[in-house]
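Novice: Sending over a structure as structure tokens; questions will come in a sec.
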Amino acid sequence: MPSVPSKFLALRIHEEDEKPQAKLEQISLEDLTDGEVVIKNSYSGINYKDALAVTGAGKILRSFPLVGGVDVAGVVVESKDPRFKEGDPVIAACSGLSETNDGGYAEYSRLTKEAAIALPEKMDLRTSMAIGTAGFAAGLAIYKMTLNNQRPDMGPVAVTGASGGVGSIATNMLSSMGYEAVAITGKKQNEEYLKQLGASSVIIASENEIGTRPLEKAVFGGAIDNLGGETLSWLLRATQPEGNVASIGLAADFKLSTNVMPFILRGVNLLGVNSTILPNDFKQMIWEQIAEKMIPVDIEKIITKEVLLEDAIPEFQGLLDARITGRTIIKIS
């Protein structure tokens, strides 16, 4: 395998006039933050945090400059980590990339041993980035739900924010595993797309009456929620006894106003899902679980766009403007 060239392309985020500014530029390996594993990157993806970082709409980076991209997948070029040798495929996600360490929007990356994960045998590099942080969070939610005895026979599992990256993958994962997935979305135009991913039915958020009673009719066996706020409160009140509601996001509201009745009368379980605080071996296990049991069967439908690194910058605002459905991946080499 060839050595790292003296200069290579990267999408790097600087701070100018106290605001983040993303630029395509040539950098060297010495410009990257320290790490034990150097990889030649093949793919990355666009997540919500990436869009915030690249556009400057959110304060994601803790130091400047940094290469953007919270996810990356590639092949080892150099390694001081005994787990990896030259030519091994690896991935990194949910590991501080593009926050404290340089991320995946470059032709080469230098990963810490805490960030580098071996690519599961039943997964290729492109699929891993179609899944990425979004799909990892969905997989972690499903793993925690099944660990807590969630079963298909308990009834349909609701997925809110179903048109987004996490929601699309969660919907397809659940369907692939034999669950009845009910997609809840604010985008009526995506109803057919969600049914193609395996949703048994689609609820349009603006047309849905969530009620205000302490307990609503128990219509769901469980739920994966990306919204928070009133939607999460309703899901708790509308879940079957012993069902699990996994809270992943706060796209609507970080607040939660609820009551104890779903918990003490129905035994509903509220599960928190944070994919960024896991030890390396646990992350490796979840990736293996995804590859073995949850791999989306319609991954090409979830990948709604693929762009080259040099053409990626215009794509980030579209995610913030809710114009993006599914997953956009970045082909690097």
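Novice: Given the conditions (1) more than 30 Å from residue 42 (Cα to Cα); (2) in a helix (DSSP H, G or I), report the number of the one that residue 138 does not fulfil.
Specialist: (1)
Novice: All but one of (1) assigned to a helix (DSSP H, G or I); (2) more than 18 Å from residue 243 (Cβ to Cβ) hold for residue 209, so report the exception by its number.
Specialist: Residue 209 satisfies every listed condition except (1).
Novice: Looking at the stretch 194-216, is at least one residue touching a Pro at 6+ places or on another chain (Cβ under 6 Å) and touching a residue at least 24 places away in the same chain (Cβ under 8 Å)?
Specialist: For the stretch 194-216, residues touching a Pro at 6+ places or on another chain (Cβ under 6 Å) and touching a residue at least 24 places away in the same chain (Cβ under 8 Å): absent.
Novice: On to the next question. Which of the residues spanning the stretch 1-60 are crowded, with 18+ Cβ neighbours inside 10 Å, part of a strand (DSSP E or B) and at pLDDT below 90?
Specialist: Hit for the stretch 1-60 is 20, nothing else.
Novice: With the requirement that a residue be within 24 Å of the chain's Cα centre (by Cα) and small (Gly, Ala, Ser), what does the stretch 207-244 give you?
Specialist: Hits for the stretch 207-244 are 221, 222, 223, 228, 229, 233, 243.
Novice: Follow-up. Among the residues in the stretch 248-265, are any assigned by TED's automatic domain parsing to the domain that holds residue 154, within 30 Å of residue 117 (Cβ to Cβ), crowded, with 20+ Cβ neighbours inside 10 Å and of a type in the set (A, V, I, L, M, F, W, C)?
Specialist: Our first condition is that a residue be assigned by TED's automatic domain parsing to the domain that holds residue 154; within the stretch 248-265, this holds for 248-265.
Pick out the ones that are also within 30 Å of residue 117 (Cβ to Cβ) and you get 248-251, 254.
Add one more test, that the residue is crowded, with 20+ Cβ neighbours inside 10 Å, and what stays is 248-249, 251.
Okay, now just the ones that are also of a type in the set (A, V, I, L, M, F, W, C), so 248, 251.
The answer is yes, given that some residue of the stretch 248-265 is assigned by TED's automatic domain parsing to the domain that holds residue 154, within 30 Å of residue 117 (Cβ to Cβ), crowded, with 20+ Cβ neighbours inside 10 Å and of a type in the set (A, V, I, L, M, F, W, C).
Novice: Filtering the stretch 213-269 down to residues that are of a type in the set (Ser, Thr, Tyr) and not in a loop (DSSP other than H, G, I, E, B), which residue is farthest from residue 161 (Cα to Cα)?
Specialist: Initially, the stretch 213-269 is screened for residues of a type in the set (Ser, Thr, Tyr), giving 231, 233, 239, 247, 257-258.
Then drop every residue that is not not in a loop (DSSP other than H, G, I, E, B), which leaves 231, 233, 239, 247.
Numbers: 231: 10, 233: 15, 239: 18, 247: 12 Å.
Selected residue: 239.
Novice: Okay, next question. For the subset of the stretch 266-308 comprising residues that are of a type in the set (Gly, Ala, Ser) and surrounded by fewer than 13 Cβ atoms within 10 Å (Cβ to Cβ), which member is nearest to residue 215 (Cα to Cα)?
Specialist: For the stretch 266-308, the residue satisfying everything is 267.
Novice: Can you find, within the stretch 193-206, the residue that is surrounded by the most Cβ atoms within 10 Å (Cβ to Cβ) among those that are polar (S, T, N, Q) and not in a helix (DSSP H, G or I)?
Specialist: Among those that are polar (S, T, N, Q) and not in a helix (DSSP H, G or I), it is 200.
The values are calculated or read from the model by the stated rules, or taken from the named source; none is laboratory data. Note that the structure is a prediction, hence the values are computed from the model and not measured. Backbone-built Cβ (ideal geometry, glycine too); neighbour counts: all protein chains shown.
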